[in-house]
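Heads up, the thing below is written out as structure tokens.
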Amino acid sequence: MATEGKQAEQTWTVEQERHAKSIEELDLHEIRGQPVVKFVTAFLIGAVFFLVPVPYQGELTVPFDIVVSTITETFPTAVGVYALAIIVAGGVLTTAARVGDGTVAGYDLSYFDTSVAFWILRLAGVAVAPVMFFKLGPSWLHTPGTGGLMWGTLVYSVGVIIPIGAVFITIFVELGGLEFVGTIARPVMRPLFKIPGRAALDSLASWVGSYSVGLYVTRNVFEQGGYNKRDVFTIATCFSTVSIGFVGVVAATLDILQLFPVVFGAYFLCVIVTAAILVRIPPISRVPAEYITEPDPETAFSGSIREYFRLALAEAVEKADEGESFLEAAKRGFVDGLKLTTLILGTILTVGLAATLLSANTPIFDILGRPLTPVIAALGIPNAETVAPATIVGITEMYVPVLLVTETALKAKFFIAVLAVSQLIFFSSVGPMTMDMFSDVPIRFRDLVALFVMRTVILVPIIAGMTHLAAAIGLLG
């Protein structure tokens, strides 16, 4: 892997190019048969695995979801042993990296080094993981909404998703997919969200796979100089979206699956609007545009749609021509994914379990939500006394708000369904994963809390308006 941000003392900055080059000013790579076939094959492998819907058990889903769910559901004990081993390894390797000279048997452990706070969290994960695996301690620790959710669902899923997703994402990225998607997306991503066009791939990986895979892509590109710190902060907090499949799960839980296209369309619009606003104000706007390794920014370009496609194909073919073989890319992706899982899984378990226990066993979110009750009522959303705390509790785990409103009116269900998946930042997984994975940015706890609050303030009136619009045209009965 490239230079590790945790150890980097030097940073780089790049001045924006003032002159956008035309297609004639660029020295485009020669389009030859073998690298074209290599790129197209890698592109199709990634697209089919993550994007192409196939029928499975009476539903439409993607091969990626089938593979992950098959592994976690067919071999739950084996996945539990694997998760336990990964978390223990993360604590041990981090300790070895911090207390020794950073090497063991000649192996550089600097990748696992971190701050004291995250070292403690990983060690706490080592202590908690056996308790969850063997179901030790009181029963309230293992209920479906707390320990059962964290261990049997989130830890298992993240532990399997990242290494498997990394195999196919690495094939896609290293053999031209990143250059192709990134170039095509430049006219939208840079002016609207102030991030490189290549960030469209991170978002796409989250939409169709998992935020875990999207964050893996972000980390990989960051370490290769493709993103600066502000880019990473923006992508991690505005585009690490929940998957299309999870939106379906939310709709099904609230018995509004017939409204899935409307829920998803509203969610998609909410992500775009909030990102376009938040990238222009603190804390995101104050993050320095520094690189942690030699920068590899996108070349400023201006041209027609046809010329953008021509440039995209040329850059993709060049990457495929210079890139490694399919087998090498797959092997490296799996190893990198496994290392990343070792880095973050203990933190996710520790912070996520604390967050869900706090939500389930204390009245803190009811108390925090109480001042919002008149606001929700004034916006015309029914069951305001139930909906108000649900707007706040999503910071612990995105699924918890959904469980709170299963018995409410259809308008309330629609409102929370869209809000819960649009808030993005929650501390059962994304929060600790982001802080640990990008400690060299750094993404701080208070920044994530502030962004959650800001997203919620922006989203509540917007989604209320969407709810009334959907009701007015007869979609909500």
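The values are calculated or read from the model by the stated rules, or taken from the named source; none is laboratory data. Note that the structure is a prediction, hence the values are computed from the model and not measured. All Cβ positions, even for glycine, are placed from backbone atoms using ideal geometry, and neighbour counts span all protein chains on display. For the accessible areas, the whole protein counts, side chains as well, though only heavy atoms, and no ligand, DNA or RNA atoms are used. Shrake-Rupley method; radii C 1.70, N 1.55, O 1.52, S 1.80 Å.
Structural remarks
- Gly152 vs. criteria assigned to a loop (DSSP other than H, G, I, E, B) and open to solvent by 20 Å² or more (accessible area, probe 1.4 Å): no
- Pairing residues of segment 89-106 that are farther than 18 Å from Val126 by Cβ with residues that are open to solvent by less than 10 Å² (accessible area, probe 1.4 Å) and not β-branched (Val, Ile, Thr), at Cβ distances under 8 Å and at least 6 apart in sequence or on separate chains, gives Gly102/Leu109; Thr103/Leu109.
- Of all residues making up segment 257-278, the number that are under 18 Å from Arg190 (Cα atoms), surrounded by 20 or more Cβ atoms within 10 Å (Cβ to Cβ) and among the aliphatic types (A, V, I, L, M): 3
- From the list Val393, Val387, the lone residue that is open to solvent by less than 10 Å² (accessible area, probe 1.4 Å) and more than 19 Å from Pro144 (Cα to Cα) is Val387.
- Of the residues making up segment 410-433, those that are part of a helix (DSSP H, G or I) and either within 11 Å of the chain's Cα centre (by Cα) or of a type in the set (Phe, Trp, Tyr) (or both) number 5.
- For segment 307-318, the criterion of being open to solvent by 50 Å² or more (accessible area, probe 1.4 Å), farther than 19 Å from Arg190 by Cα, modelled with pLDDT of 90 or more and in contact with an Asp or Glu (Cβ under 9 Å, 6 or more places away or on another chain) is satisfied by at least one residue.
- Cross-chain or 6+ apart pairs with Cβ under 8 Å, segment 462-477 first and within 18 Å of Ala378 (Cβ to Cβ), then of a type in the set (S, T, N, Q): Ile463/Ser422
For (1) modelled with pLDDT under 90; (2) in contact with a Pro (Cβ under 6 Å, 6 or more places away or on another chain); (3) surrounded by fewer than 23 Cβ atoms within 10 Å (Cβ to Cβ); (4) not in a helix (DSSP H, G or I), each residue gets a yes or a no:
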| position | (1), (2), (3), (4) |
| --- | --- |
| Gly346 | no, no, no, no |
| Thr356 | yes, no, no, no |
| Ser359 | yes, no, no, no |
| Ile367 | no, no, yes, no |
| Arg370 | no, no, yes, no |
| Gly380 | no, no, yes, yes |
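- Selection of first residues in segment 307-318 that are more than 11 Å from Asp27 (Cα to Cα) and of second residues that are aromatic (Phe, Trp, Tyr) and not in a helix (DSSP H, G or I), restricted to Cβ pairs under 8 Å at least 6 apart or on distinct chains, gives the following pairs, ordered by first then second residue: Tyr308/Phe301.
- When Thr153, Thr114, Thr143 are checked against the criterion of being out of contact with any strand residue (DSSP E or B) (no Cβ under 6 Å at 6 or more places or on another chain), among the polar types (S, T, N, Q) and modelled with pLDDT of 90 or more, Thr143 stands alone in meeting it.
- If you go through segment 187-202 and keep only what is assigned to a helix (DSSP H, G or I) and either buried (at least 24 other Cβ atoms within 10 Å of the Cβ) or in contact with a helix residue (DSSP H, G or I) (Cβ under 6 Å, 6 or more places away or on another chain) (or both), you end up with Met189, Leu192, Phe193, Ala199, Ala200, Leu201, Asp202.
- Some residue of segment 136-144 being surrounded by 15 or more Cβ atoms within 10 Å (Cβ to Cβ), free of Cβ contacts under 8 Å to residues at least 60 places away in the same chain and not in a helix (DSSP H, G or I): no
- Across segment 15-64, the number of residues qualifying as in a strand (DSSP E or B) and touching a helix residue (DSSP H, G or I) at 6+ places or on another chain (Cβ under 6 Å) comes to 1.
- Segment 396-429, residues that are of a type in the set (Phe, Trp, Tyr) and open to solvent by 10 Å² or more (accessible area, probe 1.4 Å): Tyr399, Phe427
- Scope segment 93-116; condition part of a helix (DSSP H, G or I) and open to solvent by less than 60 Å² (accessible area, probe 1.4 Å); matching residues: Leu93, Thr94, Thr95, Ala96, Ala97, Ser110, Tyr111, Phe112
- Qualifying residue in segment 276-283 (condition: touching an Asp or Glu at 6+ places or on another chain (Cβ under 9 Å) and in contact (Cβ under 8 Å) with a residue 40 or more places away in the chain): yes
- The residue that is surrounded by the fewest Cβ atoms within 10 Å (Cβ to Cβ), counting only those in segment 63-82 that are in contact with a Phe, Trp or Tyr (Cβ under 6 Å, 6 or more places away or on another chain) and of a type in the set (A, V, I, L, M, F, W, C), is Ile66.
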